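Engineer: One structure, pasted below without further comment.
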Amino acid sequence: MTIASRAKKVTTHTLQEMKHAEEKITMLTSYDYSLARLVDGAGIDVILVGDSASNVMAGNDTTVPITLDHMIYHAQCVVKAVDRALVVVDMPFGSYQGDSKNALDSAIKIMKETGGHAVKLEGGIEILDSIKRIMSAGIPVMGHLGLTPQSIYKFGTYSVRAKEELEATKLLSDAKALEEAGCFSIVFEKIPAKLAKKVTEELTIPTIGIGAGVECDGQVLVLHDMLGITKDFSPRFLRRYADLGSTIDSSVKAYIRDVRNSDFPNKEEEY
Ligand code: KIV
């Protein structure tokens, strides 16, 4: 029996045990009750209420505009649906950078109002004070390094990060600082697979990759991307497990046709 199959409720401790046992950790995003119910029911280990909700749910170009209240709303919907998975809530841009007291207040608001189990913050040494202050209140923190979409205006592109030695060295020392501060896990987004392997080997906490190769301790994808609901985003790391976009398109077209032809509802579908 695996650690994942034994866990009635996944905790940060479960993830740590999975790393030690070399069992891969699975993580997907969710932003609403209905899909979170399906994702949890299918047996995912971690559900991330990602600030990618800004793109996927709200149609923004970046994750910058989403607010703390929006994130709390999405997390409340997800938490109601989940029986087993660990629910991690992204702290949105502006809710933790610069001022550790503000960071603590934001994290406490998320935990109190949503019932989520942990928060995720983007960045390394620059946000260490905020991370430590949040953890001092007993709130588990997941880190996020590599491509950090909240800093898009600093970097200007969504290209692969830490390809050069200087940036790779900074990423490794950031990762170690996050581990030392007490983060229970770190997401690595869009970094070379070789670097992700090295960091994964050097850290004792689990690493979760997105575009970071197979050697991370776990993987995460944005649910709407892997289900083929979002079509205009096709990075190389994205594997589409379904084409729900086409299924929805043909279903809606069939409905329109049936209503227009008075084929819906039929005798069995009326009272
Ligand atoms: O917001 C999000 O969906 C994320 C994942 C890409 C890791 O942070």
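Engineer: Could you list, in their original order, any pairs among Lys120/Lys170; Lys132/Lys194; Lys132/Lys163; Lys19/Lys176; Lys24/Lys120 whose Cα atoms are separated by more than 23 Å?
Structural biologist: Flagged as over cut-off: Lys132/Lys194; Lys132/Lys163.
Engineer: When only alpha-carbon atoms are used, what values of Rg and Dmax, in angstrom, describe the chain?
Structural biologist: Every Cα atom of the chain included, Rg and Dmax give 19.8, 71 Å.
Engineer: Determine the share of the chain's accessible area contributed by carbon and sulfur atoms, expressed in whole percent, with a 1.4 angstrom probe.
Structural biologist: Of all accessible area on the chain, carbon and sulfur atoms account for 55 percent.
Engineer: Using a 1.4 angstrom probe, figure out how much accessible area segment 1-135 has per residue, in square angstrom, rounded to the nearest whole.
Structural biologist: Ligands and nucleic acids excluded, the result is 44 Å² per residue.
Engineer: Let me ask another. So, in nm, how far is label Ala242 from label Met1 when the simple model puts each one 7 Å beyond its Cα toward the Cβ?
Structural biologist: Taking the two extended label points, one gets 3.0 nm.
Engineer: Per-residue counts of other Cβ atoms within 10 Å, averaged by peptide: what ranking do you get for 151-162, 133-144, highest first?
Structural biologist: Ranking the peptides 151-162, 133-144 by packing returns 133-144, 151-162.
Engineer: Return one whole number: the accessible area per residue of segment 212-257 in Å², for a 1.4 Å probe.
Structural biologist: The answer is 63 Å² per residue.
Engineer: Got a sec? What order do Leu147, Leu166 fall in by accessible area at 1.4 Å, biggest, i.e. largest, first?
Structural biologist: Of Leu147, Leu166, the descending order of accessible area is Leu166, Leu147.
Engineer: What order, most packed first, do the peptides 9-15, 28-34 have when packing is the mean number of other Cβ atoms within 10 Å of each residue? Let's see the in-between values first.
Structural biologist: On the way: 9-15: 18.6, 28-34: 21.4.
Answer by packing, highest mean first, reads 28-34, 9-15.
Engineer: Additional query: What FRET efficiency comes out for the pair Asn266/Met57, r = Cβ-Cβ distance, R0 = 30 Å, nearest 0.05?
Structural biologist: The value I calculate is 0.30.
Engineer: Which order, highest average first, do 58-67, 123-132, 41-50 follow once you tally other Cβ atoms within 10 Å for each residue and take the mean per peptide? Kindly include the intermediate steps, with their values, before the conclusion.
Structural biologist: Working: 58-67: 15.0, 123-132: 18.8, 41-50: 22.5.
Highest-to-lowest ranking by the protection proxy: 41-50, 123-132, 58-67.
The values are calculated or read from the model by the stated rules, or taken from the named source; none is laboratory data. Computed from a predicted structure; not experimentally measured. Heads up, the Cβs are rebuilt from the backbone with ideal geometry, glycines too, and the neighbour counts pull from every protein chain shown. We work out accessible area using only protein heavy atoms, side chains counted, and drop any ligands, DNA or RNA first. Shrake-Rupley method; radii C 1.70, N 1.55, O 1.52, S 1.80 Å.
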